[in-house]
1. Which of the GluC sites (Glu not before Pro) found in the range 64-123 are loop residues per DSSP with 16 or fewer other Cβ atoms within 10 Å of their Cβ?
2. Quick check: pseudo-label points 7 Å beyond the Cα along Cα→Cβ at Asp122 and Leu45, how many nm apart are they?
3. According to the square roots a ≥ b ≥ c of the eigenvalues of the Cα gyration tensor, what is the shape class of the range 129-189, taking rounded for a/c under 1.5, prolate for a/b larger than b/c otherwise, and oblate for the remainder?
4. Within straight cross-link reach of Lys53, meaning Cα distance under 18 Å, which aspartates and glutamates are found once same-chain residues fewer than 8 apart are removed?
5. Quick check: the distance between the Cα centres of the range 65-102 and the range 128-147, to the nearest angstrom?
6. Would you mind getting me the FRET efficiency between Thr71 and Asp190? Use the beta-carbon distance for r and R0 = 35 Å, nearest 0.05.
7. Could I have the simple spin-label model distance between Phe58 and Asn152, label points 7 Å from Cα toward Cβ, reported in nm to one decimal?
8. List, in order, the whole-Hz ³J(HN,Hα) value for each residue of the range 217-229 obtained from phi through the Karplus relation with A = 6.51, B = -1.76, C = 1.60 and θ = phi - 60°; use x for Gly and Pro.
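Any read-out appearing in this document is the output of simple, stated calculations on the displayed coordinates, not a laboratory observation. If you're wondering where the values come from, they're calculated on a predicted model, not measured in any experiment. Virtual Cβ from ideal backbone geometry, glycine too; neighbours counted across all protein chains shown.
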Amino acid sequence: MKKIFLFLIAGLFILSGCSPSPQSEKDIIEAHILENFENKSEILLQHPSWWSKDADFFLEDGVWKLKASGTHISETWKTYKDALPPDQDWSVSVDVTVPYYWDTMETEEAQVGAGVFVGKVDSDKKSRTVYETNLAAIANGIRFVQGQLIKNRLGDDPIAVGFMKTDKETANLKVSWDCQNQQIQFFMDDILVDVKYINEKGIHDWKMQNDKFYVGVMGFAENTDITDHYPSVDNFEIVIKEKQLNF
């Protein structure tokens with residue numbers, strides 16, 4: 001495991017709070033945390049609020065690979081060890097590979113994918129609000145990236161989806177939080193795929209004032225096992241931005 005911290009400093013005093021407007025980008029400090037999965041680590045954990053079923057990641061050749069053994073829907077969710085704040089801008093990203101093999105599988109309706117997610121545990125402790133992204137392939141179908149807003153990960157269907165076709169086997173998926181505008185933004189290789197307000201302007205208000213964000217990686221398989229041609233994730237990165245006061 002490699003952990004790299006990079007700081008870009010343009011002032012003398014750090015303040016918490018949403019980042020200033022683009023005209024004041026020089027007043028931003030960025031903290032980068034990069035994990036390369038070179039060794040087993042405890043940076044991504046099995047959080048009780050995001051369970052895994054018949055699927056898991058395993059470490060091989062310096063990447064996390066996805067395996068699955070379910071007959072219908074298998075999925076695994078791993079959360080980063082630290083939660084992220086609602087009053088700072090940040091992003092979380094990962095490089096995802098879904099081998100082209102899955103485009104031509106003979107199993108009808110087989111689908112596999114992996115990606116990065118952002119979520120919160122609701123106050124009732126019975127629901128898990130989440131924005132999930134993935135690079136996915138359907139057997140004899142299409143290859144795509146998608147961002148899904150789900151009110152309750154424990155059984156609900158998505159209430160809104162951002163979708164884009166792609167022919168890429170590997171793509172960088174990134175979810176950014178814009179705290180000033182209360183937006184979640186989803187990018188594939190720096191191309192904007194989807195934007196979702198999560199306040200009263202959006203389809204679902206997350207009410208993040210007294211909450212914290214959980215972030216991590218996920219993978220899934222539908223109507224197939226994954227015992228070879230493993231999808232994988234690598235280069236998990238978090239970038240946190242903070243305001244500064246210049247003198």
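1. Numbers: sites: Glu75, Glu106, Glu108, Glu109; in loops: Glu106, Glu108, Glu109.
Counting only loop positions with at most 16 other Cβ atoms within 10 Å, the GluC sites (Glu not before Pro) in the range 64-123 are Glu106, Glu108, Glu109.
2. 2.4
3. On the way: a/c = 2.75, a/b = 1.32, b/c = 2.08.
It is oblate, given that a/c is not under 1.5 and a/b is not larger than b/c.
4. Glu75, Glu132, Asp156, Asp157, Glu222, Asp225
5. Each part's Cα centre sits 11 Å from the other's.
6. Numbers: r = 37 Å, r/R0 = 1.07.
The calculated FRET efficiency here is 0.40.
7. Distance between label points: 3.5 nm.
8. Result, ordered by residue: 10, 9, x, 8, 9, 10, 6, 6, 8, 10, 10, 6, 6 Hz.
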